[in-house]
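Down below is the structure, laid out as structure tokens.
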Amino acid sequence: MTELVALVDTEGTVLYASAAHEQKLGHPAEELIGGALLSLIHPNDLEQVGAAMADCAANGQAQISELRVRHRDGRWLVLDGRLTKVDAGNQELLLMIARDVIVEALAEARRRGLATIAFVGYDGGRIAAERLADHVVVTPSEHIPRIQEAQATGYHALRELVELGGAK
């Protein structure tokens, strides 16, 4: 399974984390259990996540779009996720399922015939190996986290501009 699956309490404390967390985020599940999931989330996305958790607690489900989560090596991944409330008898829990949207976005762009660019090192080289990008930038590994953070932040800003301008 490539999706990240976690069970958290309403405060965000991790009670369960799937093995995919180590594959995708570099954090073994055992290290995440008992910790705050929110500590991995980009500061600019914390408000969105808090609102989604409250919405899920009140309505049973919620979506989180384009959430930036820090990999163990410092780079940022962009994820989409959904939350589902789980009644565990005397405690309400939230089941969180998230997936990496950058790889899927590059694959969709390729299907549509659009030119794409990616940085080598992202997703363990999967993008280059599966030819999801037309151009690959090779850079020293210590620069990749900063480049990807800027890329993720730029991606969010562009999406906001498109939504505000009503462009499709």
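The values are calculated or read from the model by the stated rules, or taken from the named source; none is laboratory data. For clarity, every value in this text was computed on a predicted model and none was experimentally measured. All Cβ positions, even for glycine, are placed from backbone atoms using ideal geometry, and neighbour counts span all protein chains on display.
Details
- For the range 1-24, the count of residues that are β-branched (V, I, T) and modelled with pLDDT under 90 is at least one.
- Selection count where residues are touching a Leu at 6+ places or on another chain (Cβ under 6 Å) and either within 16 Å of R99 (Cβ to Cβ) or of a type in the set (S, T, Y) (or both), scope the range 6-20: 3
- Residues that are in a helix (DSSP H, G or I) and at pLDDT below 70 within the range 107-126 comprise Y122, D123, G124, G125, R126, listed in sequence order.
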